[in-house]
Every structure is written in C-alpha cells, then in structure tokens.
1. Taking all protein chains as present, what is the carbon and sulfur share of the accessible area of the chain, in % to the nearest whole number, probe 1.4 Å?
2. Does anyone have the angle between helix 183-202 and the longest principal axis of the chain? Alpha-carbon axes, 0 to 90°, nearest 10?
3. Which angle between 0 and 90 degrees, to the nearest 10, do you get for helix 67-80 versus the longest principal axis of the chain when only C-alpha atoms count?
4. So which GluC sites (Glu not before Pro) in the range 9-93 end up in coil per DSSP with only 13 or fewer other C-beta atoms within 10 Å?
5. Please compute the net charge surrounding PRO29, taking Lys and Arg as +1 and Asp and Glu as -1 over other residues with Cβ under 11 Å from its Cβ.
6. Find the centroid of the Cα atoms in the range 158-187 and in the range 4-71, then give the distance between the two in whole Å.
7. Could you work out Rg/(2.2 N^0.38 Å) for the chain, with Rg from alpha carbons only?
8. What net charge is computed for the residues neighbouring GLY53, neighbours being all others with C-beta under 13 Å from the C-beta of GLY53, Lys and Arg scored +1, Asp and Glu -1?
Amino acid sequence: MKTRIAVLVSGGGTNLQALIDARDRGELPHGMLALVVSNNEGAYALERAKKAGIPAAVCLRAKGTPRSDFEARLLDILSQNNIDMIVLAGFMAILSADFVGHYPERIINIHPSLIPSFCGEGFYGLRVHRAALDYGVKVTGATVHFVNEIPDGGRIIAQKAVDILPDDTPETLQRRVMEQAEWILLPRAAEEVARELEMRNEE
Ligand code: GRF
C-alpha cells in the first residue's frame, strides 16, 4: 500500500506544486498525495490542490486560542484521512513536541538554507535569504529534514547548494533557491521517506 501523505501549507504552495508535478511524472511511486491541509483559508495552495484533485481541508487557529486546540483538530483531520506521513511545505506554524510525537520521523520539512545556517525560530520566508545576504555567504541552498521538537532541528534527509550572485536581493535569491533546490529536493525526499515507510508497513 502506498504511503498516504498529507501536505501542510499556508501560502502560495509552489512546493506543493512541485510534489503534484512529480506525482504526475510518476516520480512519487510509493506515495499518494492524499490530503492538503492549510491553516490559512486564502492560501493559493488550496486552489492547486483542487486543480490536482487532492482533497483539501482548512484548519484555523484563531488569535489568542491555545495551540493544543488547533493541534487536536489537525490530528483529527489527519487520522480521519489515515495519513501515514506529513510534508510541511511552507507551513507557517511551529508544531509542539506533543504533536510531533504522534508522527516520529514521519514529518518532513523544507527549509530554504543549508541547515545549521540561517535556521531556527524566526528564520522563515524572505528573512532567511536576507540573513544570508547580510552575512555575506557565497553559497546557500535548501534542506529537507525530519521534524522534531526543535525548530529546524531534526535529522537531515537531503541538502542542495545554490550560489549567491553579486546583485542578489532576498527576492531573487528566494526564487533561485526554489528553482534550483527546493522544487527538486522536496519531491525526491518525499519519495524516499514514503518508500521507507511503505517497506516498514509491509514487514
Ligand atoms: C519556501 O521557501 C519554503 O522553503 C519555506 O516556505 C516557502 C514556501 O513557499 N518553508 P511555497 O508556499 O511552497 O510556494
């Protein structure tokens, strides 16, 4: 049985699109994109899910409400859909140790730098690329890693380096890191983990 994957998103969903395109090319043979969950009802990623025929759900956390309520609802949605594995693809929420404990080494995340540089709490979106440019590094990249209780702290699955060019802005760098690293790395890593889990399930 294929590994049932839920993709968690908050925004544009270009990484989700990379997973969909990989699936359509037959490059995700051990995984099934079974569900997309967004914590933002306006996320364009939801449109992408619809176009690709993937069931989608919205799980919101209202300001000032406890994270545990949000996570309990999220866990419900995931278990109702028999999800085996979770891909965080631009999901702008930090998951608690309790939540992560339900899916040990079954949650992966894509981070737009070479961990352990420019990662951890507060490093998201353009901030990551701005920090790399401010520091003056000449090479950055992307990392896919397992998610544990430490933000961007879980075991590394794959990394890809990307050159920084002299005229880069955070925006141009973000785009190059996506094109040259994220969109290639994430589907490959998802397939690798899905394959491992499928084999483990059959043992
Ligand atoms: C990507 O840069 C990803 O690395 C980060 O958030 C961004 C999401 O972009 N975690 P998208 O929604 O997949 O287009």
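The values are calculated or read from the model by the stated rules, or taken from the named source; none is laboratory data. The structure displayed is predicted, hence computed values, not measured ones. A quick note on method: Cβ atoms are made from the backbone with ideal geometry, for glycine too, and the neighbour counts reach across all protein chains shown. Calculation scope for accessible area: heavy atoms of the full protein, side chains included, ligands and nucleic acids excluded. Shrake-Rupley method; radii C 1.70, N 1.55, O 1.52, S 1.80 Å.
1. 51
2. Between the helix axis and the principal axis of the chain, the angle is about 30 degrees.
3. Value to nearest ten degrees: 60.
4. Sparse-neighbourhood loop GluC sites (Glu not before Pro): GLU41.
5. Neighbour charge sum, excluding PRO29 itself: +1.
6. Spelled out, the Cα-based centre of one part sits 22 Å from the other.
7. With N residues counted in the chain, Rg over 2.2 N^0.38 Å equals 0.99.
8. Residues close to GLY53 contribute a combined charge of +2.
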